[in-house]
1. Starting from the 7 Å offset along Cα-to-Cβ, what nm value, one decimal, do you get for the label separation of ALA80 and LEU57?
2. Quick check: Cα centre of the stretch 181-242 to Cα centre of the stretch 289-308, how many Å?
3. Among ASP209, ASP305, which comes first, second and so on when ranked by fewest other beta-carbon atoms within 10 Å?
4. List every residue whose amide H lies under 5 Å from the amide H of ALA183, counting only residues 5 or more places away in sequence or on a different chain, with H placed 1.01 Å from N in the peptide plane.
5. Scan around VAL216 for amide H atoms under 5 Å from its own, H built in the peptide plane at 1.01 Å from N, and keep only partners 5 or more places away or cross-chain.
6. Whole-Hz Karplus ³J(HN,Hα) for the stretch 257-269, in order, using 6.51 cos²θ - 1.76 cosθ + 1.60 and θ = phi - 60°, x for Gly and Pro?
7. What full-extension length gain, to one decimal in nm, is calculated for SER269 and GLN124 as 0.36 nm per residue of separation minus the Cα-Cα distance?
8. By how many nm would the segment from GLU319 to ALA110 lengthen if fully extended, with 0.36 nm per residue of separation less the alpha-carbon distance?
Amino acid sequence: MHSKAIHGLLLAAVLAVVLSGCRSPKGPRFDPYLTSDQALGEFQSIQGTNTVEPDQLKPPADFYQLGPGDVVEIEIVGEANSTATVNVGPDGKIYYSLLPGTFVWGLTLAEAKKAIEAGFRPYQRVEPEINLVLRGVSSRRIWVLGNVEAPGILTLATPMTVLEAVSAAGGVSANPGYSQDAADLANSFVMREGQRLPVDLDALFRKGDLTQNIYVQPGDYLYIRPSVARNVYVLGAVQLPNIVPYKERLSVVGAVATVGGPIKYAQLSQVAIIRGSLANPTIAVVDFGDIIKGKRPNVPLQPGDIVYVPFTPYKKLFEFAELILDEFVRTVALNEGIGAVDENAEPVTVSVGSGQAVAP
């Protein structure tokens, strides 16, 4: 009797296991609170994203090119009362003396001088000689925004490096009440013509690595990310690509849902999560379609993560990561930078060249 009781208990236990297995969904059991390592395995490092070209560390030759809004002083050597201060007009021309208009947009000071002298030749018996001095700068600007003391638009009259640009903006600002670092330099960046430049600002500012101290160019956007910012960035084939404030236990499904979900025909099987610094990022790829079906565990995110839902399948992981990072810096520029700047504000001239550029 005792053996029969034991046999019955064992049979009941086996039946319970079998029945519970029948009730369980196929595939791994869904657990929304797995750690990232458990859900993803190891992130893959992306190599080659931090290569500064040697030419970017050299001051450009014939740096200044005139543009609309610039102010120049013109003088005909040997002629009294010929000195005049004129603006480069919206049409790119300067109007001086008898000349009908001299096109100088995109010309260096030396080239503009020759163009004005050529314009005077029909009116003078001797070879004309012109003195041309840059007095005000308006056309060549950079943006230095984020966690600096004086964020805004700076104008460039002479070559300027990244360190000089941040210094001209007052330097990195402190966060009152916070003991941690003021800036998240690992995720700060320089953008040029819509593309992220491979500059490691963390190595430059913290380690003094001057191989990262490139010369900025007009139109560059330099963003120093505040260390207190805790955001996740959801980009790509979603309804409203945007910045999502981080909260505890935020998952990849929750972040994508916050921006309206994926659009039709989005490539859900290759959703990427990028983590780490911009100079040395890591990437993991998850099957978002399987996650929302409960076939794979949801993935918790960390502050600073970039979630990218692709429009089409990718072939090369490196190129895919580069595309994501470029879109990331453009999104930050639009949401946290350029949109906060008053384009009608008077720019501040912060660099003066000896004998060639004078503050207005």
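Any read-out appearing in this document is the output of simple, stated calculations on the displayed coordinates, not a laboratory observation. On a predicted model such as this, the values are computed, not experimentally measured, just so you know. Virtual Cβ from ideal backbone geometry, glycine too; neighbours counted across all protein chains shown.
1. 5.6
2. Centre-to-centre (Cα) distance: 25 Å.
3. Ordered by Cβ neighbours within 10 Å, fewest first: ASP209, ASP305.
4. Long-range HN contacts for ALA183: SER227.
5. MET160, THR161, VAL162
6. 5, 4, 9, x, x, x, 7, 5, 6, 5, 8, 6, 7
7. Working: separation 145, 0.36 × 145 = 52.20 nm, distance 7.43 nm.
Additional length available on full extension: 44.8 nm.
8. That pair, GLU319 and ALA110, stretches by 71.1 nm at full extension.
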